[in-house]
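All remarks here apply to the structure that follows.
The values are calculated or read from the model by the stated rules, or taken from the named source; none is laboratory data. Predicted model, so just to flag it, every value in this text is computed and none were measured. Every residue, glycine among them, receives a Cβ derived from its backbone with ideal geometry; neighbour counts consider all protein chains shown.
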Amino acid sequence: MPTFGLGTWRMGEHADQLQHEADVIRAALDMGVRLIDTAEMYGEGGAEEVIGEAIRGRRDGLFLVSKFYPHNASRNGVIEACERSLRRMGCDNIDLYLLHWPGSVPLSQTFEALHELQDQGKIRDFGVSNFNLSNLQDIPEADQSKLGCNQVFYNLAHREVEWEVSAWCRERGIPVMAYSPLDQAGSLLGSPVVAGVAEKHSASAAQIALAWLLHQPGTVVIPKSARPARIQENLDAAAIELGSEDLAVLDSAFPAPDQPVRLGMR
């Protein structure tokens, strides 16, 4: 799985923007982006339709991630949701299929359906999103170490996942996929501390925030942008090498939790 991807939240909400948004995704592919993250919730399937338009004739080599609603997490519901997503994206399989957040359907049903989809070749891998430690422990034991990822709200200013969840995932070799890695609508990018580190590296605050996340073990980032120039800027963050002094400064300004804390979600 690539460590850098493109998020598509808020895409597909307006039909008259479909071609423009598809062009943005195609531009990202031209830049070398290989992971695209979406969900049936985004634009109620609209984002998946945008992706379908963008990747027509370009499916090979891409890593597609999509998510299904908790109210579709029953055995039949998961299968039907997946088939709808595949039709919207115009492809035969999804690389990583995630339960969007914990719900009320017994997880034994959900994972039975995911195994069936995997056996049919409709998904390559499965995982979860927004799962805290107790949620992860509720997953059927045989599947806990098979998760393709736990996608969570994670950035330098919101490190809640580092209390128990990320360690649980690391012990099992499960990647953490960070959504909202730039703390959308938050104050992270306006931090003078981040600005100072950015100046030292002749970089932007966004690039430093992404570089910090990419430094964390087993972490994948999926920033969303509707501007090709910003996508390229975000991609360039992968080349930034933060030193121990940089990490210490950032850690001091944005410390990890030192007591039990609720997993963040947006």
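Beta carbons closer than 6 Å, at least 6 apart along the sequence or on distinct chains, pair a first residue in the stretch 103-123 that is surrounded by fewer than 19 Cβ atoms within 10 Å (Cβ to Cβ) and acidic (D, E) with a second that is assigned to a helix (DSSP H, G or I) and modelled with pLDDT of 95 or more for E112/R75. Being of a type in the set (G, A, S) and crowded, with 20+ Cβ neighbours inside 10 Å is a description that does not apply to A142. Taking the numbered list (1) surrounded by fewer than 23 Cβ atoms within 10 Å (Cβ to Cβ); (2) more than 25 Å from G103 (Cα to Cα) in turn, H71 passes all entries but (2).
For the stretch 146-175, name all the residues that are of a type in the set (A, V, I, L, M) and within 16 Å of G264 (Cβ to Cβ). Once the filter is applied, which keeps residues that are of a type in the set (A, V, I, L, M) and within 16 Å of G264 (Cβ to Cβ), the stretch 146-175 yields V152, L156, A157, V161, V165. Mind checking which residues of the stretch 113-170 are out of contact with any Leu (no Cβ under 7 Å at 6 or more places or on another chain) and among the acidic types (D, E)? Selection gives E116, D119, E141, D143, E162. Of V249, V221, V193, all but one fail to be in contact with a helix residue (DSSP H, G or I) (Cβ under 8 Å, 6 or more places away or on another chain), of a type in the set (V, I, T), closer than 29 Å to T38 by Cα and surrounded by 14 or more Cβ atoms within 10 Å (Cβ to Cβ); the exception is V221.
Residues in the stretch 156-181 that are charged (D, E, K, R) and surrounded by fewer than 18 Cβ atoms within 10 Å (Cβ to Cβ): E162, E164, R170, E171, R172. The requirement of being charged (D, E, K, R), out of contact with any helix residue (DSSP H, G or I) (no Cβ under 8 Å at 6 or more places or on another chain) and within 30 Å of C91 (Cα to Cα) is not satisfied by K122. Give the residue, chosen from E199, E233, E160, E171, that is touching a residue at least 60 places away in the same chain (Cβ under 8 Å), out of contact with any strand residue (DSSP E or B) (no Cβ under 7 Å at 6 or more places or on another chain) and of a type in the set (D, E, K, R). Within the list E199, E233, E160, E171, the selection yields E160. Within the stretch 92-144, the set of residues being part of a helix (DSSP H, G or I) and within 21 Å of L62 (Cα to Cα) comprises L114, L117, Q118, D119. The single condition among (1) hydroxyl-bearing (S, T, Y); (2) assigned to a helix (DSSP H, G or I); (3) without any contact (Cβ under 8 Å) to a residue 40 or more places away in the chain that S85 does not meet is (3).
Among residues that are farther than 29 Å from L64 by Cβ, among the acidic types (D, E) and either touching a His at 6+ places or on another chain (Cβ under 9 Å) or not in a helix (DSSP H, G or I) (or both), E241 is included.
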